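Working notes, structure below.
The values are calculated or read from the model by the stated rules, or taken from the named source; none is laboratory data. These numbers were taken from a predicted model, which means no experiment stands behind them. Please note: Cβ atoms are built from the backbone with ideal geometry, for glycine as well, and neighbour counts cover all protein chains shown.
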Amino acid sequence: MAISVIRTVLLYFIIIFAVRMMGKRQISEMQTSELVITLLMSNIASIPMQDTDQSMFSGIIPIFVLLVCEIAVSYLMLRKAKIRKILCGKPVVIINDGVVDRRAMTELRLSTEELFEQLRQKDVFALEDVAYAVIETNGKLSVMRKPDSEPPSSRQLGIKPPHGYIQAVVISDGEIADYSLKLCGFDRAWVYSILKSKKIKQKDVFIMTCDKTGAYKIITK
């Protein structure tokens, strides 16, 4: 029993490491090759988990071989467009200048209900508002609205809005995030001075956010 637990924990971290090496993607954003590799690694890892007679290396070695193959193929796809096209396919225009391409929808086996569902997810509820729609290689829909259906921009209205800055979490549950502080251009000394002026202990802070201007907000536990 203990051996199975140890094996499971080790393979769990190995799979996490392998997926992290493949890059920061969600499942829905994975290319075909990446999804296949992920599924294969999961299946291979389950063998030594369940069968203690199998060597751990019978699971670890194939996982790293698949990882190396995936990284090599990724570099090849970066350099060779033809290889990327073969493995991942190419974007397909299904709405061209407001006209739905029925042939493209048939090739993709995309029903009208699925098309309108994806349009609604892009906040498009009328087909006549669409200039172009493209199914990307990861299966997601990209939409370009017609100019007269787009909300006016501040430039078009002649308005100059105030500059916006990213608001970063610099303290989370009492822990200081140095990366977020660096992003905002501050250091720990600045945080300590703010907490001291507010008479708040670091361990009592649930969330503290700030931006590049020094504007901050503190929520205590």
Matching residues in the stretch 43-59 - criterion: being assigned to a helix (DSSP H, G or I) and surrounded by fewer than 17 Cβ atoms within 10 Å (Cβ to Cβ) | Asn43, Ser46, Ile47, Gln50, Phe57, Ser58
Which residue out of Ser149, Ser153 is of a type in the set (Gly, Ala, Ser), within 30 Å of Val93 (Cα to Cα) and loosely packed, with under 10 Cβ neighbours inside 10 Å?
-> Ser153
Residues being part of a loop (DSSP other than H, G, I, E, B), under 20 Å from Lys146 (Cα atoms) and either among the charged types (D, E, K, R) or at pLDDT 90 or above (or both) - total across the stretch 97-112 | 2
Collect the residues in the stretch 180-209 that are under 17 Å from Lys221 (Cα atoms) and among the polar types (S, T, N, Q), keeping them in residue-number order.
-> Gln202, Thr209
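Residue-wise test of (1) assigned to a strand (DSSP E or B); (2) on the phi > 0 side of the Ramachandran plot; (3) aliphatic (A, V, I, L, M); (4) touching a helix residue (DSSP H, G or I) at 6+ places or on another chain (Cβ under 6 Å).
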position	(1), (2), (3), (4)
Glu114	no, no, no, no
Val124	no, no, yes, no
Glu128	no, no, no, no
Val134	yes, no, yes, no
Gly139	no, yes, no, no
Val170	yes, no, yes, yes
When Lys182 is run through (1) outside any helix (DSSP H, G or I); (2) without any contact (Cβ under 8 Å) to a residue 12 or more places away in the chain, the failure sits at (1)
For Asp178, work out the one condition from (1) among the charged types (D, E, K, R); (2) surrounded by 10 or more Cβ atoms within 10 Å (Cβ to Cβ); (3) outside the structural domain of Ile200 (by TED's automatic domain parsing) it doesn't fulfil.
-> (3)
Scan of the stretch 141-154 for residues that are part of a loop (DSSP other than H, G, I, E, B) and not small (Gly, Ala, Ser), ordered by number | Lys146, Glu150, Pro151, Pro152
Assuming Ile94 fulfils every condition listed in (1) at pLDDT below 85; (2) β-branched (Val, Ile, Thr); (3) closer than 24 Å to Val143 by Cα apart from one, which condition is it?
-> (1)
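Yes/no per residue for (1) surrounded by fewer than 13 Cβ atoms within 10 Å (Cβ to Cβ); (2) polar (S, T, N, Q):
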site	(1), (2)
Lys85	yes, no
Val93	no, no
Gln118	no, yes
Val134	no, no
Unique residue being in a helix (DSSP H, G or I), of a type in the set (A, V, I, L, M) and either in contact with a Phe, Trp or Tyr (Cβ under 8 Å, 6 or more places away or on another chain) or outside the structural domain of Thr8 (by TED's automatic domain parsing) (or both) when the list is Leu39, Leu66, Leu78, Leu119 = Leu119
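For every residue, the table says whether it meets (1) among the charged types (D, E, K, R); (2) under 30 Å from Val93 (Cα atoms); (3) under 23 Å from the mean Cα position of the chain (by Cα).
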| residue | (1), (2), (3) |
| --- | --- |
| Ala133 | no, yes, yes |
| Gly158 | no, no, no |
| Asp178 | yes, no, yes |
| Ile207 | no, no, no |
